[in-house]
Structures are given as C-alpha cells and as structure tokens.
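Here the structure is laid out as structure tokens; the discussion comes afterwards.
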Amino acid sequence: MLTLVAFVVALGILIAVHEYGHYRVAVACGIKVLKFSVGFGKPIYTWRLKNSPTEFSIGMLPLGGYVKMLDEREGPVDPAERHLAFNTQPLRSRAAVVAAGPAANLLLAIVLYAIVNWSGLQEPEPVLASPVAGSIAERAGLRGGERVQQAALDGESLQDMRSFEELRWLLTQGALNGRDVRLAIGGPDAAAAASRELVLPLGQLQAADADAQLFRRIGIIGPWTQPVIGELMAGGAAEKSGLRSGDLVLRIGSLAIVDGPQLRETIRASSGTQTWHIERAGQAMDVPVTPEIRQEAGRSIARIGAYVGAPPAMVTVRYGPLDGLWQGAVRTWQVSALTLKMMGKMVIGEASLKNLSGPLTIADYAGKSASLGWTAYLLFLALISVSLGVLNLLPLPVLDGGHLMYYLWEAITGKSVSDAWMDRLQRGGVAILLGMMSVALFNDVSRLLG
C-alpha cells in the first residue's frame, strides 16, 4: 500500500509542477488557458479560481497531464479573443511556454536537493571497506579501513569528502565520464591528516560497464563496518552453528576478516563447514559454521541466516542557506548531464538499454524511499524530477523538446513546419517513445522476475 501511495503522490507532484510551469508562463504571456489537468480520463474533481477562465481538474489516470490553451488550430476562436490564442503569439512567447514545463521540473529538483541540504542528511562516513578482489580499487593499493579525506576527478582540485555518498557520487561521475579519480586517504580516524594519494583509473572502464555491477568493477561497494553478527534467523545456519548476535568475526579458516563487507563476500563464496575464529564478550573461541547453499538467479550462494556487519559510522551532512541552494543547483546540473550522456550512449549502442527503467521500477523505488523517511523520499523525487525534465527536452516531436525543435526551424527559416511534415514527425516520435516504453517495461518485469 505504501508503494502505491508513494508512487501516486510522486507522480501527482511531478506532473502538477510540470504543467504549472506551462500554465504560469502562458498566463504571464497573455495567453488564455482553458483547462489545467493533472491526470487523464474522467475528472475526479474540478474547480475554478475567482475571475479565472481556467478550469482546473484532477483526472482518474495519474499518468500525465495537460494545459489546454485557446488555439485556432484546435477550434474556432472569437475574433475578439484572437490575441489571446497560443498560435498568434510571437515565437519567443510560444517557446517560453513550451520550455517552462521541463524548466519547472529542474527548478523543483534544485529546491528538493536544497531542502535536504538545509535539513541535514545522515550518511555513512567516507571510510572504505575491503575492495573487491581483482578490482580497480585493489589494484590501486586500497586494502580497507582507509578514510578518504579528499577526492576529485583527474585534472580538478581536491575537495573535502564529507560522506561515503559524496565519494560514491564522484566515482559515478568518473566512471560514466571516463575520467580517473584522485583520492587523498589516511587512517580511519577523522582527525588524522591524509597520508598519501592514489589514483583510481576509472578512465579504463567502458560505457557498457555502467550497469548494476559497476561498483563491483571499481571495487568500492560500501563503507567500512565491523565484522560482527547481528540478528539471527530462527533455525538458520548461524543459529544451528552456535553463533550469537554480537559475535566479532576475526578469521574464517586462515583468512583474516577485517570488515563487514569482506565477511559477507566470504560467506557468499563459501562451501562446506568452516572454522570461524570469533570474539564473544572478550573471549576468543572457534566455532564450526556450515552455511546453507541456495540457488539465486542461477548461481549457488551461501547464506548463514543472520544479519552480517554492524551499521557504519554515520555523519550528519548539512549546508547553510546559500551553500545548500548552490549545492542543489550543482547536483541538478550534474544529474542532468549524466542522464543526457547515458541516453546518448544508449542511442549509439555504447551503453546497455537495460539501464532504462519504467513505471514498475519507479513505483518500487518510491515505496522503498518512502519507507526510509522523508529525506530519502525527497531525494527520490528530485532524481525523478530531473529525469522528467531532461526527458521532455529531448527533440522528439511528441515531447516539449520536439516543439522547441519546430520553433528552432521556424526561427531559422522564417516559416513554421508544414502540417504534412508535422504529421510524419509526430508519428515517428510516437513510435520511438512507444519503443522506449516497451524496453523500459520489459526491463522492469525482468528485474522483478530476476
């Protein structure tokens, strides 16, 4: 139920803001707006503002919306109101009205990111877990337990890293832009100065590597946590083996365990009975543990039926009024640029179409983010708002970007696109959009079944 409510609320907010952008600029340009609707189909609720010609409504299907303006191309217009029609407005006004929808979504994202920045966000400290064996991070010399004091894309000045999520975002940018990342690292103590620098050669990654396994290839998959056993499942392998909540795992067989992520990876890849050397209430002891082998996505994975690893050390990341707003604008710009770059790589075949997500995945993320709290939900809304704004600016005839493409042609040639060409382009745009939606829906179903 939470997933459905969170999804509908998210769609309602994003669509309303998008359409309000069109509406507000249309009114400012002196255009008569006949109807403002959030959702399609039969109206659930309608109303009018005092002294306004606009009918506002909420439709039954919350999968879009529209702003209907007075327009001679859509019906007869009273000669006395012809100056209020959309099609009679100068080019700059029509372009502004069309661009206002995506712009409103991008402005919403800035505000949402800023609100999170102002209120503060609890994030893991930038202390690294053991790198994945054979990964870029391991080959670069990381071993786990290092605190990243500063980092930057190659060629840029080092910036303080306040949290693991800041580092993760920088690594994402480096991987998708094909740029190396410089790290200044020290011991796990926050007060310790950086002792050395190293470079993660992310420029060697290919665009096709930008998938769900990206961070495993980089080797940095999570922050450092203590390798302790948490809550046990009744009847699970951990309980049967005699493990208890709070046990600190020091070694499995001859392998020294240094953190929670390494412990999880070791368990997943194990088979048969192993001797665990643990510390319990200050006492060292050996416990024979036999994990359960399960088939997941066609692979054999070992499980012990317990939460593995303590929660990471957290830090509150908060910005002042101006810094928070500026960081919101910077993040919106960065996400927009990366979204466009990924779309471009998918078009030319350098990135997998599996990166496309549809309504089922979005609904799933909406529910999960809402369950984590309002800050996680706001970050989800900001991300989807950026995606909606960028998507609508694509030069596809059925989208706002397509109409702006028409206006660019009109500005260059001095004449509008002919009705015949308009019809052909609209058909092509619909076909492309339906194709994208089909791929996204297929990816959604594959993720759910997988």
| How many residues does region 36-52 hold that are within 20 Å of Pro102 (Cα to Cα) and open to solvent by less than 40 Å² (accessible area, probe 1.4 Å)? | 4
| message | Quick check on this structure: which one of Val38, Val27, Val17, Val33 is of a type in the set (A, V, I, L, M, F, W, C), closer than 23 Å to Leu393 by Cβ and in contact with a Lys or Arg (Cβ under 8 Å, 6 or more places away or on another chain)? | response | Val33
| query | Do we find that Ser130 is at pLDDT below 90, over 24 Å from the mean Cα position of the chain (by Cα), farther than 30 Å from Tyr377 by Cβ and not in a helix (DSSP H, G or I) in this structure? | reply | yes
| Sole residue being under 23 Å from Ser130 (Cβ atoms) and at pLDDT below 90, chosen from Arg264, Arg294 | Arg264
| field | Odd one out for Tyr307 among (1) open to solvent by 70 Å² or more (accessible area, probe 1.4 Å); (2) at positive phi; (3) in contact (Cβ under 8 Å) with a residue 60 or more places away in the chain | value | (2)
| field | Residues satisfying the stated conditions in region 379-413, i.e. among the aliphatic types (A, V, I, L, M), part of a helix (DSSP H, G or I) and open to solvent by 30 Å² or more (accessible area, probe 1.4 Å) | value | Leu379, Leu383, Ile384, Leu388, Leu391, Leu404, Met405, Leu408, Ala411, Ile412
| said: So, in region 168-182, exactly how many residues are in contact with a Pro (Cβ under 9 Å, 6 or more places away or on another chain) and buried (at least 21 other Cβ atoms within 10 Å of the Cβ)? | reply: 1
| message | Please go through (1) open to solvent by 40 Å² or more (accessible area, probe 1.4 Å); (2) of a type outside the set (Ser, Thr, Tyr); (3) not in a loop (DSSP other than H, G, I, E, B) for Ala238 and return the number of the only condition it doesn't satisfy. | response | (1)
| task | For Gly145, state whether it is over 17 Å from the mean Cα position of the chain (by Cα) and touching a residue at least 24 places away in the same chain (Cβ under 8 Å). | result | yes
| Consider Tyr66 against the criteria (1) without any contact (Cβ under 8 Å) to a residue 60 or more places away in the chain; (2) under 20 Å from Leu112 (Cα atoms); (3) open to solvent by 30 Å² or more (accessible area, probe 1.4 Å): it satisfies all of them except one. Which criterion is unmet? | (2)
| note | Residues of region 260-275 being outside any loop (DSSP other than H, G, I, E, B) and open to solvent by less than 60 Å² (accessible area, probe 1.4 Å), in sequence order, are Gly260, Pro261, Gln262, Leu263, Thr266, Ile267, Gln274
| task | Might you let me know whether region 72-87 holds any residue that is closer than 27 Å to Thr339 by Cα, outside any loop (DSSP other than H, G, I, E, B) and not basic (Lys, Arg)? | result | no
| said: For region 243-259, check the following and say yes or no: at least one residue is surrounded by 18 or more Cβ atoms within 10 Å (Cβ to Cβ) and within 29 Å of the chain's Cα centre (by Cα). | reply: yes
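The values are calculated or read from the model by the stated rules, or taken from the named source; none is laboratory data. These figures come from a predicted structure and were not determined experimentally. No Cβ is skipped: glycine too gets one built from the backbone with ideal geometry, and neighbour counts run over all protein chains shown. All accessible areas refer to the heavy atoms of the entire protein, side chains included, with ligands and DNA or RNA removed. Shrake-Rupley method; radii C 1.70, N 1.55, O 1.52, S 1.80 Å.
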